Amino acid sequence: MGILAMGSAILGCSPNNSGNVTAECESLSSMAAPVTPIVKGTVFTIVVENHSASQVFDPKTGATFMTKMAMKYATALGYHDSFVHPSEANYLWMVSGQNFDILDDQDPIGHHLASTSHLADQIEAAGLTWKTYQEAMGEPCGLKSHGRYAAKHNPFVFFDDINGWDGTQFQFSQRCVDHVVDYAELDQDIAANTVPDYVFITPDLDNDMHDGSIGQADRWLEREIGKIMASDAYKNGGVIFLMGDEGGGYPASDDPPFIIISDMVKKGFVSKVDYDTSSYLKTVQALLGVANLPCDPARSDVSAMDDMFAAPLTTEVAALPPG
């Protein structure tokens, strides 16, 4: 029986930019101080591309591993992206809570962002660690797309406090070199037991379903998630978010697959709650113990994905009082 037999399929929305946001982010100094993380292990995010949940969980596609994970752990069938396209806007939203009025896929030279309140800044301010592992990037801090690597799928390189933009050009940023690395480094970090507290993984354009098939991505995920689940970073209280950036192949629909793999979730649970990319980010922030959505002007209206976890998350980290 397919996962969709357990709940209603979500119909895709017409292509649009109705979620488009450009707003100044609130300074982290005005937000509540970080608290002890809920999660004990690493928070992993793995992003695949441009297919609806109904396509991924169709038995004919050969996505046996993703279907098995959905059946065993927790699935959000009510999840949709933030109604902005194409990919770059959605990836930026995953780490900031808005798309900064970006509605194309230009490399960072076309869209470098001055915000200093994105998720990497929050993580470091909390004394936690992070890395993004980008397959096919090669040299660290890939600011230009090449081969099977797409900078549009690497949200952290767009922020000036990571990419080293000095107002005229990119400077060599040690922060970028240390944190934005090729996917091959994940094996090294697992072996050395140095996997950071937060990990963002982008497969290459063939293995993320963008150019390759669902079946090809499924085989990649089975191999790579298997390695992650065997690591101490996952076994000691970790969480894996496996999600799509957009549904149906842009611009067809906004209903990608979304699975949470963890011993913290309700096993075999299917949520039909209307969640979006801000909901995902708010959930990550709650797990890490940092403030909610400093770049999302509508953060008070955002629901975290509490129903998918066995124990409620502490999601409301309020701003500090003025003065």
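The values are calculated or read from the model by the stated rules, or taken from the named source; none is laboratory data. Remember, it's a predicted structure, so these values are computed and weren't measured experimentally. We place every Cβ from the backbone using ideal geometry, glycine too, and count neighbours over all the protein chains shown. Remember, those area values only see protein heavy atoms, side chains included, never the ligands or the DNA or RNA. Shrake-Rupley method; radii C 1.70, N 1.55, O 1.52, S 1.80 Å.
I need to check one value: relative contact order of the chain, counting alpha carbon pairs closer than 8 Å and at least 6 residues apart, in percent. Don't skip to the answer; put the middle values down first.
Details: 754 pairs, mean separation 110.5, N = 323.
Normalised by residue count, the contact order of the chain is 34 percent.
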*Taking θ as phi - 60°, what are the ³J(HN,Hα) couplings along region 127-143 by the Karplus curve (6.51, -1.76, 1.60), each to the nearest whole Hz, with x for Gly and Pro?*
x, 9, 10, 8, 8, 10, 10, 10, 5, 6, 6, x, 4, x, 6, x, 8
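Which of the trypsin sites (Lys or Arg not before Pro) found in region 66-170 are in a DSSP loop and have at most 14 neighbouring Cβ atoms, other than their own, within 10 Å? The partial results should precede the final answer.
Numbers: sites: 68, 72, 131, 144, 148, 152; in loops: 144, 148.
Listed in order of number, the matching sites are 144.
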*Out of these labelled values of P(r) over Cα pairs in 10 Å bins from 0, in percent, (1) 5, 15, 15, 10, 5, 4, 4, 5, 11, 12, 9, 4, 0; (2) 6, 29, 39, 23, 3, 0; (3) 6, 26, 34, 20, 10, 3, 0, which was calculated from the coordinates shown here?*
(2)
*asked:* With a cut-off of 8 Å between alpha carbons and a minimum separation of six or more residues, what is the relative contact order of region 31-114 in percent?
replied: 15 percent
*How big is the shadow of the Cα convex hull of region 15-157, averaged over all directions, in nm²?*
10.9 nm²
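Taking all protein chains as present, what is the carbon and sulfur share of the accessible area of the chain, in % to the nearest whole number, probe 1.4 Å?
Numbers: 6440 of 12260 Å².
On the chain, the fraction of accessible area on carbon and sulfur atoms equals 53 percent.
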*At most 16 other Cβ atoms within 10 Å and a DSSP loop assignment: could you name the trypsin sites (Lys or Arg not before Pro) in region 197-267 that fit?*
266, 267
_Residue-wise HN-Hα coupling along region 37-48, computed from phi with Karplus coefficients 6.51, -1.76, 1.60 (Hz; x: Gly, Pro)_ = x, 6, 6, 8, x, 8, 8, 9, 10, 10, 10, 10
_Entries in 40/266; 40/152; 131/152 that, when Cα-Cα distance is taken, lie over 19 Å_ = 40/152
*Exposed GluC sites (Glu not before Pro) absent: longest stretch of the chain, with sites in DSSP loops and at most 14 other Cβ within 10 Å deemed exposed*: 25-315
_Give the lysines reachable from residue 272 as a straight Cα distance under 24 Å; neighbours fewer than 8 places away on the same chain don't count._
60, 68, 72, 282
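Write down the percent of antiparallel bridges among all DSSP beta bridges whose residues are both part of the chain, to the nearest 5. Mind dumping the intermediate values first?
On the way: 11 of 34 bridges.
DSSP beta bridges in the chain are roughly 30 percent antiparallel.
First check a/c for region 95-176, with a ≥ b ≥ c the square roots of the eigenvalues of its C-alpha gyration tensor; if it is under 1.5, answer rounded, and if not, answer prolate when a/b is larger than b/c or oblate otherwise.
Values: a/c = 1.37, a/b = 1.19, b/c = 1.15.
Rounded, because the longest to shortest axis ratio a/c is under 1.5.
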